[in-house]
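The values are calculated or read from the model by the stated rules, or taken from the named source; none is laboratory data. Since the structure is predicted, the reported quantities are computational estimates derived from the model, not experimental observations. Note that we place each Cβ from the backbone using ideal geometry, even for glycine, and neighbour counts take in every protein chain shown. Calculation scope for accessible area: heavy atoms of the full protein, side chains included, ligands and nucleic acids excluded. Shrake-Rupley method; radii C 1.70, N 1.55, O 1.52, S 1.80 Å.
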Amino acid sequence: MRKLVLGCALLTGGIGLVAQAPTMHVSAKERAATREQAATAAKKPATPAAKIDPTKEAEIRQLMEVTGVNVLGDQLMTAGIAQFRANVLEARPDDTRAKQFADAFAVRFQKHFDPHSVMETVIPIYDKHLSSEDLRALLDYYKSPFGQRMLKVLPEVARDSQLAGLSLGQKAADEAMEDLKAEYPEFVQTQKEEEQQAAPQQ
């Protein structure tokens, strides 16, 4: 149970890391609001997007290429499928149907998810929040040697920071579970008890 929870947390963190270019922090409340907006948007009929100035769109595409956002869709798909597969197989290592399910999910996910649509979906967001002056300043920055270094370093800083945070969170969770073990034995199992429960019955 603990491993599966941690695995799901790593999946969320992993996809978040892939999506950072440049790095940003999104709160749990904002993530929940985003999921709700996405669900609402999926139910609405598609409306034509507002026309973006061609010069500005070219600058947005150039910025996305410099920062690596143009391959974000492929990265999200690859990372998401790999982590999902790992979580399923770890949760049910001796179940032959688990691998079949993970393989079937990968095929269906690729059928329903167009990696190129990520870039097209993000372009109007850049247009909404960034002026042409902003885009030119960002292009100058990310094309500079220092900007190029930051593109390489910031994802590593974010990854290491998230792993450190996960480690602290796991330690706090273990200690909280230990505190509650005597009061709530039906909810708090030892590692040995979890392994015995997960072992196939003979």
#### Entry: Sparse-neighbour loop sites [chymotrypsin sites (Phe, Trp or Tyr not before Pro); segment 45-131; at most 14 other C-beta within 10 Å; DSSP]
Phe113
### Query
How far, in nm, would the chain grow between Ala164 and Tyr184 when pulled straight, counting 0.36 nm per residue and subtracting the alpha carbon separation?
4.3 nm
### Message
Tell me the net charge near Leu166. Cut-off is 11 Å between Cβ atoms, Leu166 excluded, with +1 for each Lys or Arg and -1 for each Asp or Glu.
### Response
+1
### Message
What number results when the radius of gyration of segment 143-189, computed over Cα atoms, is divided by 2.2 N^0.38 Å?
### Response
2.01
#### Entry: Those aspartates and glutamates that a straight Cα-Cα span of less than 16 Å connects to Lys152, excepting residues fewer than 8 apart in one chain
Glu65, Asp160
### Accessible area in the full protein assembly, largest first, 1.4 Å probe, for Val157, Val107
Val107, Val157
